Amino acid sequence: MSELHRKGVAELARSLAAREVSAVEAARHFLARATAHQALGAFVAVDADVTLAQARAADAKLAAGGAPALTGVPVAHKDIFVTTDFPTTAGSRILAGYRSPFDATVVRKLAEAGAVTLGKLSCDEFAMGSANENVAVPAVGFDAATPVRNPWDATRIPGGSSGGSAAAVAAGLAPAATGTDTGGSIRQPASFCGVTGIKPTYGRASRYGMVAFASSLDQAGPIARSAEDCALLLSAMCGPDLDRDSTSIDRPVEDFSRHLGESLDGLRIGVPKEFLGDGVAPGVRAAIDAALAEYEKLGAKRVAITLPRTELSIPVYYILAAAEASSNLSRFDGVKFGHRAKQYKDLADMYAKTREEGFGDEVKRRIMIGTYVLSHGYYDAYYLQAQKVRRMIADDFQQAFKDCDVIAGPAAPTVAWKLGEHGDDPVADYLADIFTLPGSLAGLPGMSLPVGFGEANMPVGLQLIGNYFGEAKLLNAAHRFQQATDWHQKMPEGF
Ligand code: GLN
């Protein structure tokens, strides 16, 4: 029992199906760990009654036989997915106390696959951030300390914006978690916490019930220990949702595990020269080089490629994401959701005060930038120009995929930095997103898997980017690496 949190999703699902462990035992085990390690700050809401009721229902299904693949497997959700059974804040004061009348499609689909919800996980406010430091709400259910700490070093950030998700999995507080990735928020925290995470092709996972940040970029995906686990989870999370999400792709549900175990012989791994330039920390570069050498041992071929507009992805992303955010966040006006200012003169004043009190600094910054770049007179110079460069960035990838099957490089230029290290300098956070933003802008699937340790003995993640709909092949590339190495099995001390 005490080792339950060392099992991955696949192994846990097998133990549950074989009735070696019950769903209630598993749920209790992880709930106890969430409470014991609440100083980590990963969970923002737990409710043992809700979780145990779901676990009892899972046990009944397991007893009856023929239960779906994830029956009884505990999963925790990033607090950006709306849930009926738990509050949803998206890390914002403006949604404090908010309870959704429906479940996000991803949440519903995981529940239909049998998963038991452990609770909600901390994230940056409206998923805007790279360090999980932009959190404004206190936790419900216990007084977790914010911000989230990195389980490998409590003085460091877990990455963001799915920082709670990555920290919870790394610390063994949940076998798996959901995350969302707009510009890197699954891959970067997975990298910083030494776990595996994947963002699928844009449109694969429904955005219905994911609190919207930048709708043309937002995608859901899992964070777990291994690629095998991610494949299981992603298969349950994805699929068309055409009536509810206008950008949902009309392709049948896929089994993302179907290529697991295939040989990597002849796989061409493209390494963009821009991804291993001067800005990359030596310890990160060494771990990435060692991983690429391991891939060559597995039969893959390393190919030099170029993604010449990599640097431009930062201004392009921070213009477009802010523009979309400024529009999406206009719905938070004190009328329909969450917080409303207590004192105001008239309707306009109510809107202004509600938003002044409800939004944190980073969110306000993005609303102002977004409003500016969309305004008459600046639209052509910024927004339209950024859209054009976005298209060129996507074209660069198609050019690169003529010479390779998968693109590889670091998920981030450094290891996780110290809490507070970037201080009041949001641009320092933005620059750290350089390697995840290009794939996001192109809508490509991308993942991060742990491949060693760099500076200060902190985890380093290898990012793999595939072409559209290449998730199953990508997951196999990660899986083969994980069969040959044990970086993904390492756990931080004290957990
Ligand atoms: N760090 C990026 C941002 O702050 C990406 C966030 C995300 O992917 N949600 O916008």
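The values are calculated or read from the model by the stated rules, or taken from the named source; none is laboratory data. Small disclaimer: the values here were computed from a predicted structure and weren't measured. Note that each Cβ is placed from the backbone with ideal geometry, even for glycine, and that neighbours are counted across all protein chains shown. For the accessible areas, the whole protein counts, side chains as well, though only heavy atoms, and no ligand, DNA or RNA atoms are used. Shrake-Rupley method; radii C 1.70, N 1.55, O 1.52, S 1.80 Å.
Observations on the structure shown:
- The chain: relative contact order as a whole-number percent, Cα under 8 Å and 6+ apart: 18
- Simple point charges give the picture: +1 on the Cβ of Lys and Arg, -1 on the Cβ of Asp and Glu, and for the chain a dipole about the Cα centre of about 480 debye.
- Relative contact order, percent, the range 1-126 [alpha-carbon distance under 8 Å, six or more residues apart]: 30
- Value of Rg/Rh across the chain [Cα atoms, Kirkwood radius]: 0.95
- Calculated on the alpha-carbon coordinates, the convex hull of the range 104-262 measures out at 111 cubic angstrom per residue.
- Rough spin-label spacing in nm, given labels placed 7 Å along Cα→Cβ, for D243 and H376: 4.1
- Solvent-free Debye calculation, one equal scatterer per alpha-carbon of the range 83-193: log10 I(q)/I(0) at 0.21 Å⁻¹ equals -1.20.
- Inverse mean reciprocal Cα-Cα distance (Kirkwood Rh) of the range 341-495, Å: 19.3
- Applying the Kirkwood pairwise sum to the alpha-carbon positions of the range 273-400 produces a hydrodynamic radius of 18.3 angstrom.
- Across the range 57-126, Cα-Cα pairs farther apart than 17 Å form 45% of the total.
- Helix-only mean residue ellipticity at 222 nm for the chain, each DSSP H run of n ≥ 4 adding -39500 (n - 2.57), per residue, nearest 500: -11000 deg cm²/dmol
- Computed from label points 7 Å out along Cα-Cβ, the spacing between A18 and Y98 is 4.4 nm.
- Projecting the Cα atoms of F435, M392, P413 onto the charge dipole of the range 365-438, computed from C-beta unit charges around the Cα centre, puts M392 farthest toward the positive end.
- Measuring nothing but how far apart in sequence close Cα pairs (under 8 Å, 6+ apart) lie, relative to its length, the range 400-473 scores a relative contact order of 39 percent.
- C-alpha center-to-center spacing [the range 276-290, the range 197-255] in angstrom: 30
- Span-like helix check, the chain: no full DSSP H segment qualifies, none having both a Cα axial length of 27 Å or more and a mean Kyte-Doolittle of 1.0 or more.
- Highest-first arrangement of 334-340, 430-436, where packing means the average Cβ count within 10 Å: 430-436, 334-340
- DSSP bridge pairs, the chain: antiparallel proportion in percent, nearest 5: 65
- Heavy-atom accessible surface of E262, to the nearest 10 Å², is about 80 Å², with a 1.4 Å probe and all protein chains retained.
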